[in-house]
Amino acid sequence: MKPARSFASDNNAGIHPEVLKAVARANIGHAVGYGDDRHTRAAVGKFKQHFGADVEVFIVFNGTAANCLSLKALTESYHAVICTDVAHIHTDECGAPEKFTGCKLVLINAPDGKLTVESVSHAYHGIGDQHHVQPRVISITQATEMGTVYQPREIRDLARFAHQHQMFLHMDGARIANAAVSLGITLREATRDLGVDVLSFGGTKNGAMGAEAVIFFDKKLAQDFLYLRKQGMQLASKMRFISAQFEALLSNHLWRKNAEHANRMAALLKKKVGKIPQVKIVYPVEANGVFVQIPRRAIAKLQKRYFFYVWNEEESVVRWMCSFDTTEEDIRQFARFVAETVGK
Ligand SMILES: Cc1ncc(COP(=O)(O)O)c(C=O)c1O
C-alpha cells in the first residue's frame with residue numbers, strides 16, 4: 001500500500017487543522033464580498049503587525065498570480081526582469097509573467113539558485129539604448145527553488161544594487177516562512193528590512209488551503225494594484241475564506257511552527273539518506289527541500305511507492321520536499337525504502 005504522505009511537494013500536503021478551523025469559523029452567515037469583510041480586515045491587520053503599519057496588502061489565489069501581478073505593478077512592457085534560470089517565474093509559470101507584463105526575463109545561470117550582485121551586474125546593460133529592454137526588476141526566490149536560502153547580507157546587497165540603478169527588488173516568497181525560520185529572523189527582518197520592495201507572500205506551502213498575497217513596502221508602488229488584481233482575475237468574491245487562512249497562519253506563530261517543522265524534517269531526511277552510499281546530497285539543505293543524486297535505475301522503483309519529481313533528468317537528481325505534516329516516521333520509512341531500493 002502507498003503511504004499517505006509523499007515527498008513530491010509541500011503543496012501536496014493537506015490543510016493545517018487550525019487553518020481549516022479558521023475557514024469554518026468564517027463560514028457563518030453572510031459577509032460582504034470582494035474583501036470588504038471583517039476577516040480580510042483582520043488578515044490585513046495581521047500582515048501589518050508582522051511587516052509594519054504602512055504596508056499595502058492584496059490577497060490573491062495563487063503564487064503564479066502573486067508573482068505576475070507584482071511584476072506587472074513594477075514594469076512597462078519595454079522593461080526586463082532579471083532572475084535566475086531556475087526561477088519559478090521562468091520555469092514553472094507557463095510564460096505567464098511574460099504574457100502579463102510583456103517584459104523579457106533576463107536569465108542568469110545560478111548553480112545554487114541565487115543571484116549575486118556580480119551576476120546581476122553582467123545582465124545590467126543597454127541602459128538608455130532604444131534597442132535594448134531596460135532592466136527594471138531583480139526577482140529573487142526565498143527560499144530558492146533549490147532549497148537554499150539567501151543570507152540577509154546577500155539580499156541587502158542586491159537591494160542596494162537595484163536601488164542604485166533605478167530598479168526594484170521583488171521577492172518570490174512562496175517559501176518565505178521556511179527561509180525566515182532557517183535564518184532565525186522575523187518575516188519583516190527577512191524582507192522589508194533588507195530592502196525588498198514587493199513580496200509575493202506564500203501561505204499555501206505553509207499550511208493554507210490556498211492563500212497568497214502581494215505585499216508592497218512602498219505604498220506608492222501599490223497605487224493601481226486594485227485594478228491590476230481585478231484585471232488579472234485574482235479578486236476573490238468570497239475573499240473572507242482566503243483571509244481567514246492568513247488570520248490563522250499569522251496568529252500564535254503558526255507560520256513559524258509549520259515552517260520550523262518542515263525544515264526540521266528536511267534536515268532529518270538529509271541525515272538519514274545522507275548515510276546511504278549511493279545517495280549524494282547535491283545542494284545545501286537550508287529549508288524544507290532535499291535534492292539528491294541517485295542511481296537512475298532506482299528512480300522509477302522509488303516512484304512506484306512514493307511520488308516525487310525528477311529535478312534534473314540528465315544528472316539523475318531528484319527533489320524531496322517536506323511539509324508541516326511530514327512525520328519522523330514518514331522519514332524513517334522513506335529512508336529505509338530508499339536504502340533498500342538504491343542498493344539493489
Ligand atoms: C518558488 C515558487 N514560487 C511560486 C510558486 C507558486 O505557484 P502556484 O501558482 O502553483 O501557487 C511555487 C509553487 O510551486 C514555487 O515553488
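The values are calculated or read from the model by the stated rules, or taken from the named source; none is laboratory data. Note that the coordinates shown come from a computational prediction; the quantities given were computed from them, not determined experimentally. Neighbour counts run over all protein chains shown; Cβ positions are idealised from the backbone, glycine included. To get the accessible areas, we keep the full protein, side chains included, count just its heavy atoms, and leave off ligands, DNA and RNA. Shrake-Rupley method; radii C 1.70, N 1.55, O 1.52, S 1.80 Å.
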Using beta carbons and a limit of 6 Å, which pairs, at least six apart or on different chains, have the first residue in region 205-222 and small (G, A, S) and the second one open to solvent by less than 10 Å² (accessible area, probe 1.4 Å) and part of a loop (DSSP other than H, G, I, E, B)? A211/G203
May I ask you to list the residues in region 56-76 that are open to solvent by 40 Å² or more (accessible area, probe 1.4 Å), in contact with a Lys or Arg (Cβ under 9 Å, 6 or more places away or on another chain) and more than 20 Å from S237 (Cα to Cα)? E76
Scanning region 187-210 residue by residue, those surrounded by 24 or more Cβ atoms within 10 Å (Cβ to Cβ), assigned to a helix (DSSP H, G or I) and within 10 Å of the ligand (Cβ to nearest atom) turn out to be K205
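Could you list all residues from region 303-327 that are part of a loop (DSSP other than H, G, I, E, B), in contact with a strand residue (DSSP E or B) (Cβ under 9 Å, 6 or more places away or on another chain) and either surrounded by 14 or more Cβ atoms within 10 Å (Cβ to Cβ) or basic (K, R) (or both)?
Initial filter on region 303-327 (part of a loop (DSSP other than H, G, I, E, B)): 306-308, 313-316, 322-327.
If we keep only those that are in contact with a strand residue (DSSP E or B) (Cβ under 9 Å, 6 or more places away or on another chain) too, we end up with 306, 308, 315-316, 322.
Those that are part of a loop (DSSP other than H, G, I, E, B), in contact with a strand residue (DSSP E or B) (Cβ under 9 Å, 6 or more places away or on another chain) and either surrounded by 14 or more Cβ atoms within 10 Å (Cβ to Cβ) or basic (K, R) (or both): Y306, F308, S316, C322.
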Going through region 82-111 one residue at a time, which ones are open to solvent by less than 20 Å² (accessible area, probe 1.4 Å) and away from the ligand (no atom under 14 Å from the Cβ)? I82, T101, C103, I108
Checking V86, V81 in turn, the sole residue that is touching a residue at least 40 places away in the same chain (Cβ under 8 Å), assigned to a strand (DSSP E or B) and of a type outside the set (G, A, S) turns out to be V81
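Restricting to region 150-168, what's the tally of residues that are closer than 25 Å to Y283 by Cα and more than 16 Å from the ligand (Cβ to nearest atom)?
Let us first name the residues in region 150-168 that are closer than 25 Å to Y283 by Cα, namely 150-159.
Filter once more, so that each one left must be more than 16 Å from the ligand (Cβ to nearest atom): 151-154, 156-159.
Qualifying residue count, region 150-168: 8.
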Which of (1) outside any loop (DSSP other than H, G, I, E, B); (2) open to solvent by less than 60 Å² (accessible area, probe 1.4 Å) does D129 not meet, given it meets every other one? (1)
Looking at (1) surrounded by 21 or more Cβ atoms within 10 Å (Cβ to Cβ); (2) under 19 Å from the mean Cα position of the chain (by Cα); (3) not aliphatic (A, V, I, L, M), which is the only condition P135 fails? (2)
Taking the conditions exactly as written (crowded, with 23+ Cβ neighbours inside 10 Å and over 14 Å from K205 (Cα atoms)), does A266 satisfy them or not? yes
Cβ-Cβ distance below 9 Å, separation of 6 or more or different chains: which pairs start in region 260-277 with a residue that is under 16 Å from A8 (Cβ atoms) and end on one that is of a type in the set (S, T, Y)? A262/S323; A262/T326; M265/S323; M265/T326; M265/T327; A266/T326; L269/T326
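Could you tell me which of the residues A266, A236 is among the small types (G, A, S) and under 25 Å from A180 (Cα atoms)?
Numbers: A236 fails: under 25 Å from A180 (Cα atoms).
Within the list A266, A236, the selection yields A266.
Quick one: would you say G232 is in contact with a Leu (Cβ under 9 Å, 6 or more places away or on another chain), open to solvent by less than 40 Å² (accessible area, probe 1.4 Å) and more than 15 Å from the ligand (Cβ to nearest atom)? If you could, list the steps in order and put the result at the bottom.
Details: in contact with a Leu (Cβ under 9 Å, 6 or more places away or on another chain): yes; open to solvent by less than 40 Å² (accessible area, probe 1.4 Å): yes; more than 15 Å from the ligand (Cβ to nearest atom): no.
So G232 does not fit the description; no.
If I go through region 223-256 residue by residue, how many of them are part of a helix (DSSP H, G or I) and in contact (Cβ under 8 Å) with a residue 60 or more places away in the chain? Give the steps one after another, and end with the answer.
Of region 223-256, the ones part of a helix (DSSP H, G or I) are 225-231, 240-249, 254-256.
Applying the additional criterion that residues be in contact (Cβ under 8 Å) with a residue 60 or more places away in the chain yields 225-226, 228-229, 240-249, 254-256.
Summing the residues that are part of a helix (DSSP H, G or I) and in contact (Cβ under 8 Å) with a residue 60 or more places away in the chain in region 223-256 gives 17.
Results for (1) of a type outside the set (A, V, I, L, M, F, W, C); (2) in contact (Cβ under 8 Å) with a residue 40 or more places away in the chain, shown as yes or no for each residue.
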| position | (1), (2) |
| --- | --- |
| I108 | no, no |
| V117 | no, yes |
| H122 | yes, no |
| Q164 | yes, no |
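Determine whether A300 is modelled with pLDDT of 95 or more, surrounded by fewer than 18 Cβ atoms within 10 Å (Cβ to Cβ) and small (G, A, S). Explain how you work it out, then say what you get.
Working: modelled with pLDDT of 95 or more: yes; surrounded by fewer than 18 Cβ atoms within 10 Å (Cβ to Cβ): yes; small (G, A, S): yes.
Criteria met by A300.
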Mind counting the residues in region 176-186 that are open to solvent by 30 Å² or more (accessible area, probe 1.4 Å) and either within 11 Å of the ligand (Cβ to nearest atom) or of a type in the set (S, T, Y) (or both)? 2
